[in-house]
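Read through the structure below, which is laid out as structure tokens, and then see the notes.
Each value in this text was obtained by applying a stated rule to the coordinates, not by laboratory testing. Computed from a predicted model, the values in this text were never measured in an experiment. Using ideal geometry, Cβ is built from the backbone for each residue, glycine included, and neighbour counts are taken over all protein chains shown.
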Amino acid sequence: MTEHQQRRDPAPEGDARPPERDRSRPMPRPGVWVADHPGALVGWWHEAHGTTEEVAARIAGRLILDTVDFDGFTVRPDERPETVAAVANGIRQHGLAFAAWAEFHDADPAMLTSFAEHYLGHYDDPASMHGAIQRVREADRQTANETELLFLDAPKGGTYLFAGPEHENP
């Protein structure tokens with residue numbers, strides 16, 4: 001492990017939790033390590049959250065060569081500050097499930113803003129996920145809709161469950 005990777009330990013992901021933020025657990029604090037060129041031995045760690053302007057000022061046209069607490073989301077060296085800020089802010093607010101959602105949807109701004117309405121929780125195994133799936137299916141029966149479910153692997157184990165778009169049953 002290199003020196004710049006030891007900035008801080010990632011926050012624990014935890015067991016099954018409700019879609020609302022669990023305030024008893026520390027939230028991840030996404031950061032970026034920037035340098036002037038690939039292979040640089042000297043660079044700077046910066047917090048990745050904040051406004052687009054704040055993040056752009058921190059990155060200052062440099063390359064993003066390492067990250068912390070973006071687990072599940074791949075930050076490119078030339079990632080746009082607005083994308084870095086949006087994903088980092090979402091991770092700070094919602095946890096690492098937001099990183100998986102952002103990666104799956106290529107950080108599409110419309111999908112990032114819809115995270116909370118789709119996220120159903122983090123589950124360690126299929127048995128613990130069963131109740132959430134049953135609630136979605138019961139709601140579908142009552143409304144004559146069919147909701148797609150999205151299962152994304154959590155980087156530290158388990159599965160994130162999301163409700164996709166609803167479709168009317170013919």
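Residues in region 114-166 that are touching a Gly at 6+ places or on another chain (Cβ under 7 Å) and among the aliphatic types (A, V, I, L, M): A132, L149, L150, L161. Going through region 133-156 one residue at a time, which ones are surrounded by 12 or more Cβ atoms within 10 Å (Cβ to Cβ), in contact (Cβ under 8 Å) with a residue 40 or more places away in the chain and assigned to a strand (DSSP E or B)? Within region 133-156, L150, L152 qualify.
For the subset of region 117-132 comprising residues that are out of contact with any helix residue (DSSP H, G or I) (no Cβ under 7 Å at 6 or more places or on another chain) and not charged (D, E, K, R), which member is surrounded by the most Cβ atoms within 10 Å (Cβ to Cβ)? Once the filter is applied, the top-ranked residue is M129. In region 62-107, the residue that is surrounded by the most Cβ atoms within 10 Å (Cβ to Cβ) out of those that are within 12 Å of the chain's Cα centre (by Cα), without any contact (Cβ under 8 Å) to a residue 40 or more places away in the chain and assigned to a loop (DSSP other than H, G, I, E, B) is F73.
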